[in-house]
Every structure is written in structure tokens, then in C-alpha cells.
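Each reported figure results from applying straightforward, stated rules to the coordinates on display, with no laboratory input. Source: prediction; values computed, not measured. All Cβ positions, glycine included, derive from the backbone under ideal geometry; neighbour counts span all protein chains shown.
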Number of protein chains: 4
Amino acid sequence: MTQERFHGTWYIVPTPFTQDDRVDEASIARTVERAAAWGADGVTVLGVMGEVTSLSDAEREAVLTTVAKAAQGRLPFAAGCSAASPSLVRERVRQAASYGAAAAMVAAPPLLPDVDGLARFFERVRQDTELPIIVQDEPNATGVRIPVSALLAAMTAAGSDVVKLEDPPTPPKITKLLAAAPGLTVFGGLGGVAAYDELNRGAAGTMTGFAFPEILKAVRGALEEGDRVRAARIFDRYLPYIAFEGQVGVGLAIRKEVLRRRGVLETARTRGLAPTVDEVTSAELDDVLARVGIVPGPEPLEVR
Amino acid sequence: MTQERFHGTWYIVPTPFTQDDRVDEASIARTVERAAAWGADGVTVLGVMGEVTSLSDAEREAVLTTVAKAAQGRLPFAAGCSAASPSLVRERVRQAASYGAAAAMVAAPPLLPDVDGLARFFERVRQDTELPIIVQDEPNATGVRIPVSALLAAMTAAGSDVVKLEDPPTPPKITKLLAAAPGLTVFGGLGGVAAYDELNRGAAGTMTGFAFPEILKAVRGALEEGDRVRAARIFDRYLPYIAFEGQVGVGLAIRKEVLRRRGVLETARTRGLAPTVDEVTSAELDDVLARVGIVPGPEPLEVR
Amino acid sequence: MTQERFHGTWYIVPTPFTQDDRVDEASIARTVERAAAWGADGVTVLGVMGEVTSLSDAEREAVLTTVAKAAQGRLPFAAGCSAASPSLVRERVRQAASYGAAAAMVAAPPLLPDVDGLARFFERVRQDTELPIIVQDEPNATGVRIPVSALLAAMTAAGSDVVKLEDPPTPPKITKLLAAAPGLTVFGGLGGVAAYDELNRGAAGTMTGFAFPEILKAVRGALEEGDRVRAARIFDRYLPYIAFEGQVGVGLAIRKEVLRRRGVLETARTRGLAPTVDEVTSAELDDVLARVGIVPGPEPLEVR
Amino acid sequence: MTQERFHGTWYIVPTPFTQDDRVDEASIARTVERAAAWGADGVTVLGVMGEVTSLSDAEREAVLTTVAKAAQGRLPFAAGCSAASPSLVRERVRQAASYGAAAAMVAAPPLLPDVDGLARFFERVRQDTELPIIVQDEPNATGVRIPVSALLAAMTAAGSDVVKLEDPPTPPKITKLLAAAPGLTVFGGLGGVAAYDELNRGAAGTMTGFAFPEILKAVRGALEEGDRVRAARIFDRYLPYIAFEGQVGVGLAIRKEVLRRRGVLETARTRGLAPTVDEVTSAELDDVLARVGIVPGPEPLEVR
């Protein structure tokens, strides 16, 4: 797995639904196409923000088919392949590979009682897998808090050198991981709420579903040019919106609503039980977008 | 939903796997056929003990197909239809109905943060569903502890009057539920470890994967005849094995090993990360079976 | 309990320690005195940020003695009285009252398995208590997620109409609480990270240990004058620092370090296992303070 | 720490309360005296079953004073010294040592988010401590699941070679611990529900509050004489009662009620929110005691 391939601003594609609750393939294709236009270095599908546990296998496949086609020639894509057992993960990894995915993203099995079991899990996941594995550290969705020692053991077992963090606070975890294994590729996540510090701590990029990847890319670009002042100015300027979208629970609905306003999704519909964007939240959204000077649209945001 | 239909000793069918990790349909059919011979009043498939989160949708369907055929004319079956979102649950309920299931068993969505959301979840599950819903109270597998008030609200929302408990200690929860809603049908579970007290507290039966449903049926039969002394004698006699099989984690592997010894399963293979029956556990199993006087075999156990 | 008494910007006083790990009473007195100078409407001691579970009873009492003296004639104080059993809470409430506390703040007992038990807990807490109770919704420190229904039941049982929220996201919970019980006094918390939305949703104030209460007070002041634009401008300007201090885990150490820089605490020492401010974090802190234009000092911050 | 000193059947003393909710010192003394008469090899106080989080420091000290006096010349005692921070643990360890305790029992700090921190915690606990540390693995009371790797690291950091397990299922964890560190002294716990398998797996004894330590001692005695058949017969005979007392939640109240019936405690009162022995539970208790042939009394039970 080359460092060149997995770094930068990866965009996590949500799974859009039609008004009658079917997977909306046209919106998926549009999202991938727009993500490329907005400057994403890759896209990830079938993750937590893709509401993957709410999809049937047929719907999973529909997403993969659509994304593979839309991404082709534009940008690489990673596919979430998490499941409760190694054999089901392996099946999903094979499927992802057959669709041309650049990597499979795999989290701990839900509610794993004993983190010593994590390396065993990833060892069995790895068995007949050629596709690079991105280990996903996602306590909120899995109920599993992974200490750095177990995370490193899992990565070794998976033959993986790429990890995506969602366990706040992410910046010190990045420092610990890179101190223990300097060659790792660590992606920040969490909707970008700590992107500036993550990147300063050595993150190779951000992989998240934040609705304006342009902003995260601009922060990273400035840092890569050594211009910390500019990076901070951009990050700080948009932070009120980043933090607003980053709210636990309602965050996904806000993100989908903003993508709808950007002309990418047909609806802001979600499937799970997370709260939707009600009238009050919608007014807060208008307010915060105005405050940071964003008018949502399909064209790349001019980040200043 | 009639009280007559849902009571008694229901047997939860594990999902057997072949040596090369495929779903073993012949063993499923044999298990269902044997469960009937052992006196089960019904069978339940695709539950936690069926390792349902480790199955692909195609495998789910294979299980349903096989069970529907094997159960027909023998005994009713319930199908686990749990999922993270109401729409996926509904799809599974429709599927279960199309295979002739007598009921759909549905647990809380995994890691639901707010039990106030449970009634909303079941309300949306119910929408276009005719099939009776068995609400499953399963904190260990879902990470959701459901207080009695939220459980009752969920049942009302689901239009359900049948609940299966797995939240220890189950006996006092049965008392609380029946005090609040005397007409409920409450099944005990937990491998039968508290079956005697559960039934005395008013449980309509036991729904569990305990490998000798004959024992649970005999306990219930004695209680229904008013013979508490006999019920207790039977329960107490077999309790060392019941408690041994009821161990968290390794319990499923023990159960499958015993079903293998009963000639029902081809292998004791499990898919998840739970420990398997190693040499020490196997010796303990031999020991405890000898202590309670069980020689595992396909014929109904003569319970004394 | 009058609405007038409990509203505004309450400042949660950390428990400072000397270099040799004793409770630093001089620093406590200084903090209370400065909190008044910075415009706090009240102070709260012996809360989660006061590392109360790391204090002996003698140390608790030393804190109370010092605060009572320092607060007298300056501003009212509330005392954390949480404990695992109602009788111990009651003892602490009596103690708090004897020191002249204006209210007792009480959270759910740690790891309470069944939120239906919360009302019973607060009913027993209330028994012989005259002191107003502030119910604290603190899932992170207690391991107990309290749904709105159980929170309202607990407040009724406690005879309380004041609640402090720490369960993110707080803004929608405020809306739900006030919709159900319009007269409630709801304090936001969480280090102020959502203070602007909390106040807009109807929070009566913010009760948190954020190291610059002047900022939260200024946001609230602007909103109370109807000047949302100014409120947002202030909040947004300082948000990079608010979010930085608000980090889980390391947040307390950052806060103590900043209070040390403000000349209030002798050391930034913490007692628990939470990470301390290492070199990298310290550099990040310098950076973010510079970005928002804060030079920490004992005088009230001029908030613009 | 010598293996001879820490092995056998240690009895965990509950904290009895008077009718008006004060610590009942006379009952404590009586319990210790009876525990010796019943054949306990040591007693442990101020543990989870001692409702230690519901005691004030003054009450802690009263318990220690009473136990130290009652145990002197009779049997060694260990004292629970758990707390949220190393400094408070150390203070409690010093106090326990000053009262003549043979060891301090220390669990993980509640809700510790990252098990990598456990060794750091115990390293700081150890610092100026001479008293042997018994590491307590108590996920139910602490909310912390400790994998074997972290448990071993914690023991090394604490300079401890004695561990007490309460994380079910305990038997396989014993095997794993002893395989990794053959010299460890491992106590089983959990009310004795798995005592027979624990001892067969190599446990040095059982440390639990089970109300009839005579039974656990007899099981161990038979195994030490190589008479597995007799050990199993005793264990199996009493298992219905062991399992009944071992119920989560209500178990402590049952235990106290039985100790009341044995003439040891004045009342069965508990302080926390755990359910008490209501009428139905009391009838179940009568029933199960009769089934196993126990008539509770102060004299040592004749175990057959």
C-alpha cells in the first residue's frame, strides 16, 4: 500500500434515499461526480455515515455498482466492509475488490467485549484478502473503545498501515500512533472538527463526510505549503459550521440537508432513528451558514 | 395474536456451518425436525444465537427457506427480523411473512442512545406489518438496557403483546411487566438458567436455544400440573448443565458441540469471535453431562 | 426556587492541587474571587470538573469551607453532592446547606442500570432536604444516558426545576425539555461548545468550567439584548479556543493550565488519569490563544 | 507476597445497616467472628458487596476499626481501597495498612476509557505502598472490561501477583491468566456460581460474599484431596441456591436477608438502588433453601 495512494481529503459519501425510501442511485452518482469536482482525493462509501447497517445486501450492491461507475477515471474509492464476523467481512472485501475498490474499510465487530480479540478478528479478516485494509476506529458506532496498543496489534494482524480515527480527541491519538509506528497513514475524521490539529499532528489527511471537502482540502493545502497562519484562518473561519454539522446524532441529517441544498441529493431523508432537521435546526443551519458566509451550491466553494 | 399460539417451550435454532464455513442447510432441517420430536412448541430462527449478524442476506434467505420447509406441518416458527432501521426491519418482516413465519422477533436497534426513541422505532416498524411482533429485550447483543416503562411503550407502539426477555435477572422483570400489563405473553430466555423462577412468576414459556428443550418442557409441564416439587426437582437436577451451557461467550459453542453430539449438527463451528470449545472446556462438558446423567443423542431425553 | 436566582453564567470551579498533590485552598479562594470579578452569576464546586471523585471527605469539606468563605457577599454557590446512594447524597446535601450553598447539584448514580430507577433515587434524595436540587445530566461521568422522559420524572421526584445538561447534543434536548415543561430552568454545559445554540433554544444560562466565563456572559448578554448578530460574532470569534478547551479527556488539564496562566491557580496539576498538557498540547494552546486574540491574565477579558 | 497467605475461601463482608440507616458495627463484628467459625481463610471488607461507594469516609473508617478488632487473632483481612485517582487509592491503602490489613484490593477507576491507562494507574498506586495489592477485575461495578493483556500489565505495574475475577465467564480467564503467568494467585468470585470450574482451572480459592462459605470451602477441600466426585456432588447439590443468590441486582439483598436469618445481621437493609427482597423473592428464597436442604443458622452448615 503506497503512502501516495492513501492521503489527502477523502470524502465519505452518504447513502441518499428517495422520497419513498429507496436507495437513490442518481444522487449517489451526482455526489461522487461533485466530490471529484470539489477536489476530493478519493471517496469512501458504505461507512457509518452511509447508514450501511440500514441497507440490505442488494442495496449495498446497488451503491457499489453506482459508485464504481461514477468514480471510474475520476478518483479512487474505498468501501466499508465491516461486519460482525470475519467471514462476512471477507465476503464483502471480495465484493468490494470485484467492483474495483482501492481499499476496504473495516471497523471492530460491534460490542466486542474484549479488545484482545481484535487482532484475532483482523487476522481472520486478512486471510485471503489482497485488498488494502483501512482499519476504522469508530467507538461511537461499534461500542468498542480501542486503546492504541490494540489498534496497532489489529493493524499488524490486518497487514494494514492505514487507520481512520473517530475516537475523540483524535489529535493525541495521532501523536501516540505515529510515535509507536512512524510509517502509519492516519486519517482524521469526526466531520473535520479537529482537522487543523489532526493535520498538524501528522495526519495524512481527513476522511469524513463533511459537506464541504473544499474547506478541509484548503486547510491541508495551506499546511502542506507551510502556511499555518492561512490554514488556521480558513479552519477558524468555517469552524462554526464545522462544529454545527459535527453534532452527534443530528449531524448526518444536517449534512444531507446541506447536500440537498448544494443540489446533489434529491432528499435529506435518513433511515435510522437519528433526529431529522426540524424547523428550529433548519433556522440554526441558515444562521450558521450565513455567519460563515457559505451559500450552498453545486460549484466548488471558494474558500478564503 | 392469541395467547394459545405463543406460549410453551420455543426452541431457538442456531445457524450451523459446514467445515468450510457455509450455511449447513441439512443440519438446519434436521434441527427443526428434531426440535419437533423433542417436544418444542415452536422454533425461532435468525436470532442472536443464530449468529444472524454474521449472515449475508442470501444466507438469511437460505435459512428461512430451509426452516419453512422443515417446520411445515410440524410446528410454527418465528423469524428474527432485527435491523438498525425500521425500513430494513419492515423488509425482513415482509420476507418472514412470505415464508410463512408465525411471528417476527425484533430487538432494539444496536446502541440506541435514547430509550425514548424505542417506541418511535417500533411504531415505524409496525406501519405496514400484519405479522405479530415479538419484542426482544436483549441488552447483551444490542447494548441497549430497556427499562420496563420503555419496553411497554415499545410493545404498544409495535401492537405487540409478546415479549422475550434476556435482561438478567429476568424473574423480577416478568413480575413488573405482568403487574403493569396483566395480559402480556412473556417468554423467558437466557438459556433457561432462571426458567423455574420465570415460569413461577408468570412467564408463558421459555424461548431459548438450550440444547435440551425436553428439560424446560418438563419443568413447565410439571408447573402447569401444579406439581412444583417435581418441577423444582427436574430443574435442580439439570441445573449444573444448564448453568454450564448458559455461560456468556462460550455458551453458543458449547451448545453447538452438544447438538453435534446429539447427531443434529454436522459441526460445532461458529462464525463470530466467541471462544470455541477447547480441550479443557470439552472435558468440563463431559464432566457436567456425566454429573447430571445426560448421554447426548438424537432421541428425546427421558427427563426424570 | 426562583428563576431569578438560578440563571446566567455560572462558573464551575476546578479543584486545584499543590505541587505535592494537596488541595490548594489559596487557589480556590482566588478562583472564586476572580470568578466574581469576571462577572460570573454564581459558582459551582465539587462537580465533575472539580475531580470530586478523587477527593476524600476531608478534602471535600476543605473545598466547601474555602468556597463558602470566598463566595460570601460576592455570589451564590452550588455544591456537587452526587453519590451512589440516596443516603450519602442526603448527607452531602445537609453538609452543603450547612455551609450556605444556594443549591445542591446531583447526578444519576454511576452505572445505574435502569433509568426507571432514577425517579426513585431522587425521591429518596429529596426526603428531608430543603436545599434546591439541580439535576445534572452527565452521561460521560456516570455512564447513564437519561432520556427526556426519565429526566423529567427525576426532576419531579426531586422537587427540582433546574437541570444542567452535559449530554450532547444539548440544544435539541433543551427544546424537548422546555416543550414538555415550559417553566424549567435549563443550564447548558459542555464547556460552552454549544452555548450560542443552547441560549437561543431557551437555556437560562451556562454552567460550565470554561476558563473565560466573560465570553459566555457576553454571548448571553448580547442575546438578552436581542442582538443575535453580536452574540454570534463573539461566540464564533472565540470558538476555536472554546472547542479546543472542550476536548474530551485533556480538556480539564487545558483549562487548569489556562487558569494557571491567568494567575489564578498555582499549578495545572490534575489527579485522575486524564492526559496532562504535554509539549505538543501546550504549543497548540499557545497557537489557538493567539488565533483568537486572548492573552490570559487575571483581569476580566475584554470581549469584543 | 506468599502464596500461602492468599489462598482459600475468603469471605467478603457486607456492610450492615441499622434500621435507621447507620453502619451497624455490632453486626460487622458478629459477621467477622462467624466467618471465622464457618471456616473462612480470610475476610475482605469495603468491596462492591460492602456497598463501599455508599459509605462516607467516616463510615469506611468505622468499618475498618470494627473489622480490625474482630479479625485480630482470628483471620487476616483485606480492605477495598478503590478510588478514581491514584492519590486517593494510596491514601486508602495507607489507612488500611495502619489498621493491619493483610492486603488492599483495588479495581480499575470507574469508566476508565482506555485500558492502556490501567498500568499507569496501578504504577502510580504502587509508588509508596508496601501493602500487597489484590487487583480486582470488576466490570460490572466499574464499567471497565479488562482484557487479559491489560490485566497482566496492571498487575506488573502494581507489583501484584494476586487477582480476583468477577468478569464472567471466569473459568477461561483463569486458564488464560495462568497460561501467561503460571505463578499468579487467582481468586474466583461472582458469588461462587462457577466455583467448581474455577478451582479446577487453577484458582487458588474463592473470594466472594456468598452467604455459606462453608459450601465453597467444602468444594475446595474435596478438590484439594483429589476427590472431584465429592466436590461436584457438593457444588451441584447447592447450585440452585448459589445461582439464586448470585442474581445480578437483587443478589446483595438476598445475601443480607440470609445473613439476617443466620442471626448475623440485624437487618437486611441495603443502601443503593438495587431491589430489596420483596414478598415474591422471599417466597422463592424459602423455596430454594428448602430444596437444597439449608436451614439458615449461626452454626457452621454441615455440608454433605
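In this label model, D:R22 and A:L111 are separated by 4.6 nm, measuring between points 7 Å along each Cα→Cβ vector.
Inter-copy label distances at C:T276, shortest first and taken from points set 7 Å along Cα to Cβ: 4.8, 4.8, 5.2 nm. Here r is the Cβ-Cβ distance between B:A29 and D:A180 and R0 is 51 Å; the resulting FRET efficiency, rounded to 0.05, is 0.75.
Note: region B:230-304, Cα convex hull, 87 Å³ per residue. A viscosity of 1.567 mPa s and a temperature of 4 °C, combined with the Kirkwood radius over Cα pairs in Stokes-Einstein, give a translational diffusion coefficient for region A:8-91 of 100 µm²/s. Extension gain for the segment C:D128 to C:T276, taken as residue separation times 0.36 nm less the Cα-Cα distance, is 49.2 nm to one decimal. The mean number of partner chain beta-carbon atoms within 10 angstrom of a residue's beta-carbon across peptide C:224-234 is 1.
Return one quarter of the surface area of the convex hull spanned by the alpha-carbon atoms of region A:116-238, equal to its mean projected area, in nm². Averaged projected area of region A:116-238's Cα convex hull equals 7.8 nm².
For the protein assembly as shown, the calculated P(r), taken from all Cα-Cα distances in 10 Å bins from zero up to the bin holding the longest distance, is 2, 9, 18, 23, 22, 16, 8, 2, 0 percent. Relative contact order of chain B: 19 percent, from C-alpha pairs under 8 Å at least 6 residues apart in sequence. Model label points for D:A58 and C:R5, set 7 angstrom from Cα along the Cα-to-Cβ axis, are 2.6 nm apart.
For region B:52-153, the calculated P(r) over all alpha carbon pairs, in 10 Å bins from 0 to the bin holding the longest distance, is 16, 47, 30, 8, 0 percent. Shielding by partners for peptide B:109-119, expressed as the average number of C-beta atoms from other protein chains within 10 Å of each residue's C-beta, is 6. Take the Cα radius of gyration of region A:186-229 and divide it by 2.2 N^0.38 Å, N being the number of residues; the result is 1.01. Per-residue packing, averaged as other Cβ atoms within 10 Å, sorts the ranges C:144-150, B:181-187 into the order C:144-150, B:181-187, beginning with the highest. The largest-to-smallest principal axis extents of the Cα set in chain B are 49, 46, 37 Å. Label point 7 Å out from D:R233 along Cα-to-Cβ: which residues of region D:284-304 have amide N under 11 Å? What the label zone holds, given the 11 Å backbone N cut-off, is D:304. Taking amide hydrogens as placed 1.01 Å from N in the peptide plane, the amide H of C:V43 sits under 5 Å from those of C:Y11, C:F77, C:A78, each at least 5 positions away in sequence or on another chain.
What separates the D:D21 label point from its copies, with the point 7 Å along Cα to Cβ, is 3.4, 4.9, 5.7 nm, written shortest first.
Region C:165-195 and region C:41-84 have Cα centres separated by 23 Å.
Note on B:79-90: average number of Cβ atoms from other chains within 10 Å of each residue's Cβ is 4.
Would you calculate, for chain D, the mean residue ellipticity at 222 nm contributed by helices, counting each DSSP H stretch of 4 or more residues as -39,500 (n - 2.57) and dividing by all residues, to the nearest 500?
About -14000 deg cm²/dmol.
Rounded to the nearest angstrom and listed largest first, the equivalent-ellipsoid semi-axes of region C:177-304 from its Cα gyration tensor are 27, 17, 12. A protection proxy built from the mean count of other Cβ atoms within 10 Å ranks the segments C:66-78, B:163-175, B:275-287, most packed first, as B:163-175, C:66-78, B:275-287. Along region C:7-15 the Karplus relation, 6.51 cos²θ - 1.76 cosθ + 1.60 evaluated at θ = phi - 60°, assigns HN-Hα couplings of 7, x, 9, 9, 10, 8, 7, x, 9 Hz to successive residues, with x for each Gly and Pro.
Binned at 10 Å from 0, what are the whole-percent values of the Cα-Cα distance distribution for region D:142-207, short to long? Calculated over all Cα pairs of region D:142-207, the distribution is 23, 58, 19, 0 percent. The three principal axes of the Cα atoms in region A:116-177 give end-to-end lengths of 34, 21, 18 Å, sorted in falling order. Nothing charged except the Cβ atoms of Lys and Arg (+1) and of Asp and Glu (-1): what's the magnitude of the dipole of region A:8-238 about its Cα centre? Round to the nearest 20 debye. Magnitude of the dipole: close to 440 debye.
Placing a label point 7 Å from Cα along the Cα-to-Cβ direction at A:G263 gives distances to the equivalent points in the other copies of 5.7, 7.2, 9.0 nm, listed shortest first. The two copies A and B are related by a rotation, and the chain A beta carbon nearest its axis, with distance in whole angstrom, is A:D57, 2.
What's the FRET efficiency of A:D286 with D:E225 using the Cβ-Cβ distance as r and R₀ = 60 Å, to the nearest 0.05? Each step should come with its number before you reach the end.
Numbers: r = 80 Å, r/R0 = 1.33.
Calculated value: 0.15.
Taking amide H atoms as placed 1.01 Å from N in the peptide plane, the amide H of D:G8 lies under 5 Å from those of D:G205, D:T206, each 5 or more residues away in sequence or on another chain.
Exposure proxy shown here: for B:Y99, D:Y11, A:Y238, the number of other Cβ atoms within 10 Å sets the order, fewest to most, as B:Y99, A:Y238, D:Y11.
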